[in-house]
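First the structure, in the form of C-alpha coordinates, and then the observations on it.
The values are calculated or read from the model by the stated rules, or taken from the named source; none is laboratory data. Predicted model only: the values in this text are computed from it and were never measured. Positions of Cβ are generated from backbone atoms using ideal geometry, with glycine treated the same way; all protein chains shown enter the neighbour counts. Just the protein is used for accessible areas: all its heavy atoms, side chains included, with ligands, DNA and RNA removed. Shrake-Rupley method; radii C 1.70, N 1.55, O 1.52, S 1.80 Å.
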Amino acid sequence: MKYVVCVPDGCADEPVDDLDGRTPLEAASLPAFAALAARGEVGRAAVIPDGMPPGSDVGNMSILGYDPARYHTGRAPIEAAAMGIRLRPDQVAYRCNLASVGDDGTMVDFAGGHPSTEEAAEVVAALERELGGGGISFHAGVQYRHILVAPADWADAICVPPHDLSDRPVVWPTGAAAPQLRSLMDASREVVAPFGLKANQVWLWGQGRQPDLPPFREAYGLDAGLVTAVDLIRGLGRLTQIDVVEVAGATGWYDTDYEGKRDACLDALAAGKDLFLVHVEATDEAGHAGNLDAKLQALEDWDRRILAPLVDGLDAMGPWRLLLLPDHPTPVMRKTHTLDPVPWMLVDSRRQGPGGTYTERGAAAAEVVPGHSLMARLVGEG
Ligand SMILES: [Zn+2]
(Lines give C-alpha, C1' and ligand atoms only; values in the text may rest on other atoms or scores of the structure.)
Protein backbone atom coordinates (compact mmCIF):
# COMPACT_ATOMS: atom_id res chain seq x y z
CA MET A 1 0.00 0.00 0.00
CA LYS A 2 1.29 3.47 -0.90
CA TYR A 3 0.04 6.64 0.77
CA VAL A 4 0.11 10.15 -0.68
CA VAL A 5 -0.76 13.44 1.01
CA CYS A 6 -1.35 16.43 -1.26
CA VAL A 7 -1.22 19.92 0.23
CA PRO A 8 -2.21 22.82 -2.04
CA ASP A 9 -1.32 25.46 0.56
CA GLY A 10 -4.17 27.85 1.29
CA CYS A 11 -6.30 26.59 -1.64
CA ALA A 12 -9.62 26.83 0.23
CA ASP A 13 -11.37 30.13 -0.37
CA GLU A 14 -14.66 32.01 -0.21
CA PRO A 15 -17.25 33.03 -2.83
CA VAL A 16 -15.68 35.62 -5.15
CA ASP A 17 -17.74 38.37 -6.84
CA ASP A 18 -15.68 38.16 -10.03
CA LEU A 19 -16.56 34.45 -10.22
CA ASP A 20 -20.30 35.13 -9.83
CA GLY A 21 -20.16 33.97 -6.25
CA ARG A 22 -18.21 30.80 -6.94
CA THR A 23 -14.97 29.94 -5.14
CA PRO A 24 -11.74 29.29 -7.06
CA LEU A 25 -12.16 25.54 -6.39
CA GLU A 26 -15.61 25.76 -7.98
CA ALA A 27 -14.61 27.96 -10.91
CA ALA A 28 -11.33 26.37 -11.98
CA SER A 29 -11.34 23.52 -14.48
CA LEU A 30 -10.31 20.57 -12.30
CA PRO A 31 -11.19 17.24 -13.91
CA ALA A 32 -8.66 15.23 -11.88
CA PHE A 33 -9.87 16.71 -8.58
CA ALA A 34 -13.45 15.92 -9.63
CA ALA A 35 -12.69 12.35 -10.66
CA LEU A 36 -10.88 11.65 -7.37
CA ALA A 37 -13.67 13.17 -5.27
CA ALA A 38 -16.29 11.17 -7.17
CA ARG A 39 -14.61 7.89 -6.27
CA GLY A 40 -13.57 8.86 -2.72
CA GLU A 41 -14.91 10.63 0.31
CA VAL A 42 -15.15 14.38 0.93
CA GLY A 43 -15.25 15.96 4.38
CA ARG A 44 -14.33 18.99 6.42
CA ALA A 45 -11.51 19.40 8.91
CA ALA A 46 -10.42 21.93 11.51
CA VAL A 47 -6.71 22.10 10.73
CA ILE A 48 -6.29 25.05 13.13
CA PRO A 49 -7.29 24.09 16.68
CA ASP A 50 -9.42 26.57 18.65
CA GLY A 51 -7.45 29.50 19.96
CA MET A 52 -4.41 28.94 17.75
CA PRO A 53 -3.24 31.25 14.95
CA PRO A 54 -4.00 30.13 11.36
CA GLY A 55 -0.35 29.72 10.40
CA SER A 56 1.12 27.21 7.96
CA ASP A 57 3.19 25.79 10.83
CA VAL A 58 0.02 24.94 12.77
CA GLY A 59 -1.97 23.69 9.77
CA ASN A 60 0.79 21.51 8.39
CA MET A 61 1.53 20.03 11.81
CA SER A 62 -2.13 18.94 11.82
CA ILE A 63 -1.85 17.48 8.35
CA LEU A 64 1.21 15.46 9.38
CA GLY A 65 -0.95 13.93 12.09
CA TYR A 66 0.29 15.78 15.18
CA ASP A 67 -2.19 17.75 17.29
CA PRO A 68 -0.86 21.33 17.38
CA ALA A 69 -2.70 21.95 20.65
CA ARG A 70 -0.40 19.34 22.18
CA TYR A 71 2.83 19.67 20.22
CA HIS A 72 3.14 23.20 18.85
CA THR A 73 5.52 25.36 20.89
CA GLY A 74 6.00 28.22 18.42
CA ARG A 75 6.97 28.91 14.86
CA ALA A 76 10.62 29.80 15.37
CA PRO A 77 11.83 26.37 16.58
CA ILE A 78 10.33 24.81 13.43
CA GLU A 79 12.20 27.29 11.24
CA ALA A 80 15.31 26.73 13.34
CA ALA A 81 15.03 22.98 12.66
CA ALA A 82 14.86 23.71 8.93
CA MET A 83 18.15 25.62 9.31
CA GLY A 84 19.72 22.66 11.09
CA ILE A 85 19.62 24.24 14.57
CA ARG A 86 18.83 21.77 17.31
CA LEU A 87 17.75 23.49 20.53
CA ARG A 88 18.81 22.24 23.92
CA PRO A 89 16.20 22.06 26.69
CA ASP A 90 17.65 25.24 28.23
CA GLN A 91 17.23 27.21 24.99
CA VAL A 92 14.44 28.99 23.16
CA ALA A 93 14.39 30.08 19.52
CA TYR A 94 12.98 33.42 18.38
CA ARG A 95 12.25 34.41 14.83
CA CYS A 96 14.47 37.43 14.23
CA ASN A 97 13.24 39.67 11.40
CA LEU A 98 15.41 42.40 9.96
CA ALA A 99 12.66 45.05 10.07
CA SER A 100 12.21 48.75 9.42
CA VAL A 101 10.73 50.64 12.36
CA GLY A 102 10.26 54.39 11.85
CA ASP A 103 11.51 56.99 14.33
CA ASP A 104 7.87 57.60 15.21
CA GLY A 105 7.51 53.91 16.21
CA THR A 106 5.64 52.76 13.09
CA MET A 107 6.29 49.30 11.63
CA VAL A 108 7.32 50.58 8.20
CA ASP A 109 8.31 47.19 6.75
CA PHE A 110 8.30 43.85 8.57
CA ALA A 111 10.59 42.55 5.80
CA GLY A 112 13.15 45.36 6.15
CA GLY A 113 13.01 46.26 2.45
CA HIS A 114 13.81 42.65 1.51
CA PRO A 115 17.61 42.64 1.90
CA SER A 116 19.42 40.00 -0.12
CA THR A 117 20.47 36.89 1.77
CA GLU A 118 24.11 37.94 1.31
CA GLU A 119 23.54 41.47 2.65
CA ALA A 120 21.58 40.07 5.57
CA ALA A 121 24.27 37.52 6.42
CA GLU A 122 26.76 40.36 7.03
CA VAL A 123 24.30 42.14 9.30
CA VAL A 124 23.57 38.97 11.26
CA ALA A 125 27.31 38.29 11.62
CA ALA A 126 27.72 41.80 13.07
CA LEU A 127 24.78 41.22 15.44
CA GLU A 128 26.42 38.02 16.62
CA ARG A 129 29.77 39.79 17.07
CA GLU A 130 28.37 42.79 18.95
CA LEU A 131 25.42 41.33 20.84
CA GLY A 132 26.00 37.54 20.91
CA GLY A 133 27.37 35.60 23.86
CA GLY A 134 25.97 34.84 27.29
CA GLY A 135 23.53 32.31 25.85
CA ILE A 136 22.51 34.61 22.97
CA SER A 137 23.32 33.66 19.38
CA PHE A 138 22.14 34.96 16.00
CA HIS A 139 21.77 32.58 13.04
CA ALA A 140 21.50 33.84 9.48
CA GLY A 141 18.63 32.55 7.37
CA VAL A 142 17.14 33.80 4.11
CA GLN A 143 16.59 37.50 3.25
CA TYR A 144 14.96 39.16 6.27
CA ARG A 145 14.20 35.91 8.13
CA HIS A 146 16.70 34.89 10.81
CA ILE A 147 16.80 33.07 14.14
CA LEU A 148 17.87 34.15 17.61
CA VAL A 149 18.66 31.46 20.17
CA ALA A 150 18.32 32.63 23.78
CA PRO A 151 18.16 31.12 27.28
CA ALA A 152 14.91 29.26 27.91
CA ASP A 153 13.58 31.81 30.40
CA TRP A 154 13.44 34.36 27.59
CA ALA A 155 10.43 32.42 26.27
CA ASP A 156 8.10 34.07 28.77
CA ALA A 157 6.77 36.91 26.62
CA ILE A 158 3.91 37.84 24.34
CA CYS A 159 5.24 39.06 21.00
CA VAL A 160 3.26 40.44 18.09
CA PRO A 161 4.23 39.16 14.60
CA PRO A 162 5.61 42.16 12.72
CA HIS A 163 3.50 41.46 9.60
CA ASP A 164 0.44 42.09 11.78
CA LEU A 165 1.76 45.58 12.58
CA SER A 166 2.34 46.90 9.04
CA ASP A 167 1.97 50.71 8.90
CA ARG A 168 0.81 50.77 12.51
CA PRO A 169 2.47 51.75 15.78
CA VAL A 170 4.58 48.84 16.96
CA VAL A 171 3.44 46.84 19.96
CA TRP A 172 6.47 45.96 22.06
CA PRO A 173 6.70 42.55 23.79
CA THR A 174 5.01 42.16 27.16
CA GLY A 175 5.60 39.62 29.91
CA ALA A 176 8.47 38.60 32.15
CA ALA A 177 11.12 38.49 29.41
CA ALA A 178 9.99 41.73 27.76
CA PRO A 179 12.79 43.91 29.20
CA GLN A 180 15.55 41.68 27.80
CA LEU A 181 13.81 41.45 24.41
CA ARG A 182 13.25 45.19 24.24
CA SER A 183 16.80 46.01 25.17
CA LEU A 184 18.19 43.59 22.57
CA MET A 185 15.93 45.06 19.87
CA ASP A 186 16.98 48.59 20.89
CA ALA A 187 20.67 47.63 20.94
CA SER A 188 20.36 46.14 17.45
CA ARG A 189 19.64 49.57 15.93
CA GLU A 190 23.20 50.73 16.42
CA VAL A 191 24.58 47.52 14.89
CA VAL A 192 22.27 47.52 11.86
CA ALA A 193 22.51 51.24 11.02
CA PRO A 194 26.02 51.30 9.43
CA PHE A 195 24.92 48.84 6.73
CA GLY A 196 22.69 51.49 5.13
CA LEU A 197 19.83 49.10 4.46
CA LYS A 198 16.14 49.86 4.80
CA ALA A 199 16.11 47.43 7.74
CA ASN A 200 17.15 49.28 10.90
CA GLN A 201 16.64 46.79 13.73
CA VAL A 202 15.66 43.23 14.61
CA TRP A 203 12.11 42.28 15.55
CA LEU A 204 11.75 39.19 17.77
CA TRP A 205 8.64 36.99 17.76
CA GLY A 206 7.29 33.45 17.22
CA GLN A 207 9.33 32.00 20.08
CA GLY A 208 9.29 28.45 21.33
CA ARG A 209 11.37 25.63 22.75
CA GLN A 210 12.18 22.52 20.75
CA PRO A 211 8.84 20.72 20.25
CA ASP A 212 8.78 17.14 21.43
CA LEU A 213 7.43 15.49 18.27
CA PRO A 214 7.68 11.70 18.11
CA PRO A 215 9.27 10.51 14.85
CA PHE A 216 6.66 9.86 12.15
CA ARG A 217 7.81 6.26 11.87
CA GLU A 218 7.11 5.69 15.56
CA ALA A 219 3.80 7.53 15.48
CA TYR A 220 2.43 5.92 12.31
CA GLY A 221 4.71 2.97 11.58
CA LEU A 222 5.55 4.19 8.07
CA ASP A 223 8.67 5.40 6.27
CA ALA A 224 7.76 8.84 4.92
CA GLY A 225 9.16 11.58 2.72
CA LEU A 226 8.04 15.03 1.67
CA VAL A 227 8.81 17.74 -0.84
CA THR A 228 8.29 21.47 -0.28
CA ALA A 229 9.93 24.82 -0.97
CA VAL A 230 8.86 26.23 2.38
CA ASP A 231 11.16 26.23 5.42
CA LEU A 232 8.38 25.69 7.93
CA ILE A 233 7.40 22.43 6.30
CA ARG A 234 11.01 21.41 5.81
CA GLY A 235 11.44 22.02 9.55
CA LEU A 236 8.43 19.91 10.42
CA GLY A 237 9.96 17.14 8.31
CA ARG A 238 13.27 17.40 10.18
CA LEU A 239 11.55 17.41 13.58
CA THR A 240 9.50 14.29 12.76
CA GLN A 241 12.38 12.54 10.94
CA ILE A 242 10.51 12.54 7.65
CA ASP A 243 12.94 12.58 4.71
CA VAL A 244 12.91 16.01 3.07
CA VAL A 245 13.55 15.61 -0.66
CA GLU A 246 14.92 18.68 -2.43
CA VAL A 247 13.72 19.46 -5.95
CA ALA A 248 15.93 22.00 -7.71
CA GLY A 249 13.04 23.78 -9.42
CA ALA A 250 10.85 24.07 -6.30
CA THR A 251 10.47 27.82 -5.81
CA GLY A 252 7.52 28.33 -3.48
CA TRP A 253 6.09 30.54 -6.24
CA TYR A 254 3.72 30.23 -9.24
CA ASP A 255 6.58 28.98 -11.42
CA THR A 256 7.45 26.05 -9.18
CA ASP A 257 8.41 22.72 -10.74
CA TYR A 258 5.10 20.83 -10.43
CA GLU A 259 6.39 17.92 -12.49
CA GLY A 260 9.55 17.74 -10.39
CA LYS A 261 7.54 17.51 -7.18
CA ARG A 262 5.22 14.88 -8.63
CA ASP A 263 8.14 12.80 -9.87
CA ALA A 264 9.93 13.16 -6.52
CA CYS A 265 6.83 11.61 -4.96
CA LEU A 266 6.57 8.75 -7.42
CA ASP A 267 10.33 8.09 -7.30
CA ALA A 268 10.39 8.00 -3.49
CA LEU A 269 7.44 5.62 -3.34
CA ALA A 270 8.96 3.40 -6.03
CA ALA A 271 12.22 3.35 -4.04
CA GLY A 272 10.44 2.03 -0.97
CA LYS A 273 8.88 4.94 0.91
CA ASP A 274 5.42 4.11 2.27
CA LEU A 275 4.06 7.64 2.36
CA PHE A 276 4.92 10.87 0.59
CA LEU A 277 3.64 14.41 1.08
CA VAL A 278 3.64 16.91 -1.78
CA HIS A 279 3.34 20.55 -0.71
CA VAL A 280 2.91 23.43 -3.18
CA GLU A 281 2.85 27.02 -1.95
CA ALA A 282 1.57 28.71 -5.15
CA THR A 283 -2.12 28.70 -4.16
CA ASP A 284 -1.29 30.45 -0.88
CA GLU A 285 0.91 33.08 -2.56
CA ALA A 286 -1.89 33.82 -5.03
CA GLY A 287 -4.29 34.24 -2.11
CA HIS A 288 -1.94 36.65 -0.30
CA ALA A 289 -1.48 38.62 -3.50
CA GLY A 290 -5.25 38.75 -4.07
CA ASN A 291 -4.43 37.37 -7.52
CA LEU A 292 -7.49 35.42 -8.61
CA ASP A 293 -6.10 34.40 -12.00
CA ALA A 294 -2.94 33.06 -10.38
CA LYS A 295 -4.98 31.07 -7.88
CA LEU A 296 -7.10 29.52 -10.61
CA GLN A 297 -3.96 28.74 -12.61
CA ALA A 298 -2.22 27.18 -9.59
CA LEU A 299 -5.22 24.92 -8.99
CA GLU A 300 -5.29 23.89 -12.64
CA ASP A 301 -1.54 23.23 -12.49
CA TRP A 302 -2.19 20.93 -9.53
CA ASP A 303 -4.86 19.16 -11.51
CA ARG A 304 -3.00 18.63 -14.78
CA ARG A 305 0.63 18.57 -13.74
CA ILE A 306 0.40 16.70 -10.46
CA LEU A 307 -2.85 14.85 -9.79
CA ALA A 308 -3.71 13.32 -13.17
CA PRO A 309 -0.23 11.90 -13.90
CA LEU A 310 0.26 11.04 -10.22
CA VAL A 311 -2.79 8.77 -10.25
CA ASP A 312 -1.47 7.02 -13.38
CA GLY A 313 1.90 6.52 -11.71
CA LEU A 314 0.33 5.21 -8.51
CA ASP A 315 -1.92 2.82 -10.40
CA ALA A 316 1.17 1.31 -12.02
CA MET A 317 2.66 0.70 -8.55
CA GLY A 318 -0.19 -1.09 -6.80
CA PRO A 319 -2.91 -0.15 -4.32
CA TRP A 320 -2.81 3.39 -2.92
CA ARG A 321 -4.65 5.82 -0.73
CA LEU A 322 -4.55 9.59 -1.20
CA LEU A 323 -5.47 12.45 1.13
CA LEU A 324 -5.75 16.02 -0.16
CA LEU A 325 -6.32 19.15 1.89
CA PRO A 326 -4.85 22.63 2.50
CA ASP A 327 -3.34 23.78 5.79
CA HIS A 328 -5.77 26.74 6.05
CA PRO A 329 -7.81 28.87 3.63
CA THR A 330 -6.12 31.91 2.04
CA PRO A 331 -9.08 33.69 0.41
CA VAL A 332 -8.10 36.02 -2.46
CA MET A 333 -10.55 38.69 -1.26
CA ARG A 334 -8.97 38.73 2.22
CA LYS A 335 -5.30 38.22 1.22
CA THR A 336 -4.64 36.45 4.50
CA HIS A 337 -5.21 33.11 6.24
CA THR A 338 -8.54 32.39 7.92
CA LEU A 339 -9.58 30.02 10.68
CA ASP A 340 -12.36 28.26 8.75
CA PRO A 341 -12.40 24.47 8.45
CA VAL A 342 -11.06 23.21 5.11
CA PRO A 343 -12.42 20.59 2.71
CA TRP A 344 -10.50 17.31 2.49
CA MET A 345 -10.82 14.28 0.26
CA LEU A 346 -9.65 10.73 0.83
CA VAL A 347 -9.46 8.21 -1.99
CA ASP A 348 -8.73 4.48 -1.89
CA SER A 349 -7.73 2.92 -5.21
CA ARG A 350 -9.34 -0.39 -4.26
CA ARG A 351 -12.86 0.74 -3.54
CA GLN A 352 -15.53 3.17 -4.52
CA GLY A 353 -16.26 5.64 -1.74
CA PRO A 354 -19.49 7.53 -1.11
CA GLY A 355 -18.32 10.13 -3.64
CA GLY A 356 -18.51 13.88 -3.36
CA THR A 357 -17.45 17.23 -4.74
CA TYR A 358 -14.13 18.71 -3.62
CA THR A 359 -15.22 22.29 -2.97
CA GLU A 360 -16.00 24.37 0.11
CA ARG A 361 -19.73 23.98 -0.57
CA GLY A 362 -19.33 20.30 -1.40
CA ALA A 363 -17.94 19.75 2.10
CA ALA A 364 -20.13 22.26 3.93
CA ALA A 365 -22.62 19.72 5.27
CA ALA A 366 -19.93 17.37 6.58
CA GLU A 367 -19.12 17.13 10.26
CA VAL A 368 -15.90 18.98 11.14
CA VAL A 369 -13.19 16.56 12.26
CA PRO A 370 -9.85 17.56 13.83
CA GLY A 371 -7.24 17.99 11.11
CA HIS A 372 -4.68 15.86 12.92
CA SER A 373 -7.08 12.89 12.95
CA LEU A 374 -6.95 12.51 9.18
CA MET A 375 -3.46 10.98 9.06
CA ALA A 376 -4.66 8.04 11.17
CA ARG A 377 -7.67 7.79 8.91
CA LEU A 378 -5.43 7.73 5.83
CA VAL A 379 -3.05 5.07 7.07
CA GLY A 380 -5.40 3.25 9.43
CA GLU A 381 -7.05 1.05 6.84
CA GLY A 382 -4.53 -1.04 4.99
ZN1 LIG B 1 -0.03 27.72 4.50
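Kindly state, to the nearest 0.05, the FRET efficiency for residue 106 paired with residue 41, given R0 = 41 Å and r defined as their beta-carbon distance. E(calc), rounded to 0.05, equals 0.25.
Counting only aspartates and glutamates at least 8 places from residue 335 when in the same chain, those with an alpha carbon closer than 12 Å to its own are 13, 14, 284, 285.
In this structure, residue 156 and residue 364 have a Cβ-Cβ separation that, at R0 = 45 Å, corresponds to a calculated FRET efficiency of about 0.65. In this simple spin-label approximation, residue 130 and residue 270 carry label points 7 Å from Cα along the Cα→Cβ vector, and these lie 5.4 nm apart. For residue 2, the lysines whose Cα falls under 24 Å of its own Cα, not counting residues fewer than eight places away in the same chain, are 261, 273.
Helices in the chain, meaning DSSP H runs of at least 4 residues, each add -39500 (n - 2.57). Divided by all residues, the mean residue ellipticity at 222 nm is -9000 deg cm²/dmol. Rounded to the nearest angstrom and listed largest first, the equivalent-ellipsoid semi-axes of segment 84-206 from its Cα gyration tensor are 20, 18, 12.
Using all pairs of distinct alpha-carbon atoms, the Kirkwood hydrodynamic radius of the chain works out to 21.5 angstrom. Hydrodynamic estimate: the Kirkwood radius of segment 130-275 over Cα pairs, inserted into Stokes-Einstein at 20 °C and 1.002 mPa s, corresponds to D of 117 µm²/s. Here the dipole of segment 209-269 is about 260 debye; that uses its Cα centre as origin and unit charges on the Cβ of Lys and Arg (positive) and Asp and Glu (negative).
Our estimate of slack between residue 117 and residue 289, defined as 0.36 nm per intervening residue step minus the Cα-Cα distance, is 59.7 nm.
Between the amide H of residue 16 and those of 21, 22, 23, distances stay under 5 Å, these residues lying 5 or more places away or on another chain, with hydrogens modeled in the peptide plane. In this structure the chain gives 40 Å² per residue of accessible area when probed at 1.4 Å with all protein chains present.
Taking amide H positions as modeled 1.01 Å from N, with prolines and chain starts lacking one, the residues under 5 Å from residue 280 and 5 or more places away or on another chain are 7, 9. Here, segment 333-382 yields an orientationally averaged convex hull projection of 4.7 nm² when only Cα atoms define the hull.
Which stretch or stretches of segment 115-137 have amide N atoms under 20 Å from the point lying 7 Å from residue 195's Cα along the Cα→Cβ direction? Backbone N within reach: 115-133, 136-137. Three semi-axes describe the equivalent ellipsoid of segment 280-382; taken as square roots of 5 times the Cα gyration tensor eigenvalues and ordered largest first, they are 26, 18, 11 Å. Inverting the pair-averaged 1/r between distinct Cα atoms of segment 1-146 gives 19.2 Å as its Kirkwood hydrodynamic radius. Once both labels are positioned 7 Å from their Cα atoms along Cα-to-Cβ, the gap between residue 164 and residue 18 label points is 2.9 nm. Residues in segment 252-258 carry Karplus couplings, in order, of x, 10, 4, 8, 4, 8, 4 Hz; the curve used is 6.51 cos²θ - 1.76 cosθ + 1.60 with θ = phi - 60°, and Gly or Pro positions show x.
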